[in-house]
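To keep things clear, I will list the structure first and then write my remarks on it.
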Amino acid sequence: MKGHSYRHLLALCLMVLGALAASAEVALNRVTVDVVLHADGSAHFTEVWDVDVDQTKDTEFYQTRPTRSIATVKDFSVSDQGKEFTNVGEWDSEAANKEGRCGITPLNGGYELCWGIGQPGHHSYKLSYTITNIIRPYSTDRVTFNSVLFHGEGLRPHSVRATISRADSVLTEDDVKFFEHSEDNTEASFEHGKFMLSTEHPMSEDDYLGVHIEFDKNAFGEMKNLGSSTEISPEELSSPMMTDANVGKYEESMIDKFWDFYEEWPLLTLFGILGGIIGLFYVVRKIAIALA
């Protein structure tokens, strides 16, 4: 009976360890997002995703870019450690072969930027694209850059860093009439003509990194006057993705904190679980003996 009980205990431990290993198929280590604002109201984004991929059933990554009014995404490209991907145009999520390919899926109110994961191992995906007309008129005397720079999309990066700069001049604090960043999890500073933002601890899957910056209306002299229909509305500015109104929704749950700890200290976590299971087994065994 004793050997039989230990075999059950071993099987249970293996099941737990197997479940934990299966959940860690993709580890998003770091993300950097560099945004360069242009005088015509567009912004060029460069993102680098540092990823470790284990055996996984998933075949693609995607980054959602909401766009409103006349904003569009163009010149999308992806490379992995210097190897350029083939842009297939509109992305086919059912395609048999996605390795080395990228493309865009139009959405109602935005785009999904998609690319193939490729083989298991370490990857450094570099995304490059431009969003036109992303800087929008906001009032009679201001324009605004109001954007989510990175959203977890179900992934949980250990760290995210973003920079915002101008292409045509040094960005100074005097140019900015108002600045607000998202989340208590974000640290922001102004250094060397750039806004620098970074997360202070690993993101949960619902976390995001976003900014709302207001400039003088003359700061972007090449913006086309497209009429009042392009002005950003109060509803857009008060979006839950850009304010702390729903901060409770994005607070880490105990489960999120557990996975964050596991990703940082996997062996320690597994040994802790194993010790807990063995301890529970002995407690149950002693209770069974006492009741016998």
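The values are calculated or read from the model by the stated rules, or taken from the named source; none is laboratory data. The model shown is predicted, which means the values in this text are computed figures rather than measured ones. Counting neighbours? That spans all protein chains shown, and the Cβs are built from the backbone with ideal geometry, glycine included.
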Matching residues in the stretch 68-103 (without any contact (Cβ under 8 Å) to a residue 60 or more places away in the chain and either hydroxyl-bearing (Ser, Thr, Tyr) or under 22 Å from PHE145 (Cβ atoms) (or both)) number 8
Since GLY248 meets every condition but one in (1) within 30 Å of VAL170 (Cα to Cα); (2) modelled with pLDDT under 75, which condition does it not meet?
(1)
Mind listing whichever residues of the stretch 128-161 are part of a strand (DSSP E or B) and hydrophobic (A, V, I, L, M, F, W, C)?
ILE131, ILE135, VAL143, PHE145, VAL148, LEU149, PHE150, VAL160
Against the conditions (1) outside any strand (DSSP E or B); (2) within 14 Å of VAL35 (Cα to Cα); (3) modelled with pLDDT of 85 or more, where does ILE164 fall short? Just the number, please.
(1)
Is it the case that the stretch 60-74 has a residue that's at pLDDT 90 or above, out of contact with any His (no Cβ under 6 Å at 6 or more places or on another chain) and over 20 Å from PRO157 (Cβ atoms)?
yes
Odd one out for ASN133, checked against (1) surrounded by fewer than 19 Cβ atoms within 10 Å (Cβ to Cβ); (2) on the phi > 0 side of the Ramachandran plot; (3) over 19 Å from the mean Cα position of the chain (by Cα)
(1)
Given the conditions (1) in a strand (DSSP E or B); (2) surrounded by 17 or more Cβ atoms within 10 Å (Cβ to Cβ), and given that GLY118 satisfies all but one, which numbered condition is not satisfied?
(1)
Restricting attention to the stretch 18-56, and to residues there that are assigned to a loop (DSSP other than H, G, I, E, B) and within 20 Å of the chain's Cα centre (by Cα), which single residue is modelled with the highest pLDDT?
ASP54
Right, SER93: in a strand (DSSP E or B) and either in contact with a Gly (Cβ under 8 Å, 6 or more places away or on another chain) or surrounded by fewer than 17 Cβ atoms within 10 Å (Cβ to Cβ) (or both) or not?
no
May I ask you to verify whether LYS194 is surrounded by 15 or more Cβ atoms within 10 Å (Cβ to Cβ), at pLDDT 80 or above and either in contact with a Pro (Cβ under 9 Å, 6 or more places away or on another chain) or of a type in the set (Asp, Glu) (or both)?
no
Determine whether the stretch 204-212 contains at least one residue that is in the same structural domain as THR67 (by TED's automatic domain parsing), farther than 19 Å from PRO66 by Cα and assigned to a loop (DSSP other than H, G, I, E, B).
yes
Filtered residues of the stretch 167-202 (kept if outside any loop (DSSP other than H, G, I, E, B) and β-branched (Val, Ile, Thr))
VAL176, THR186, THR199
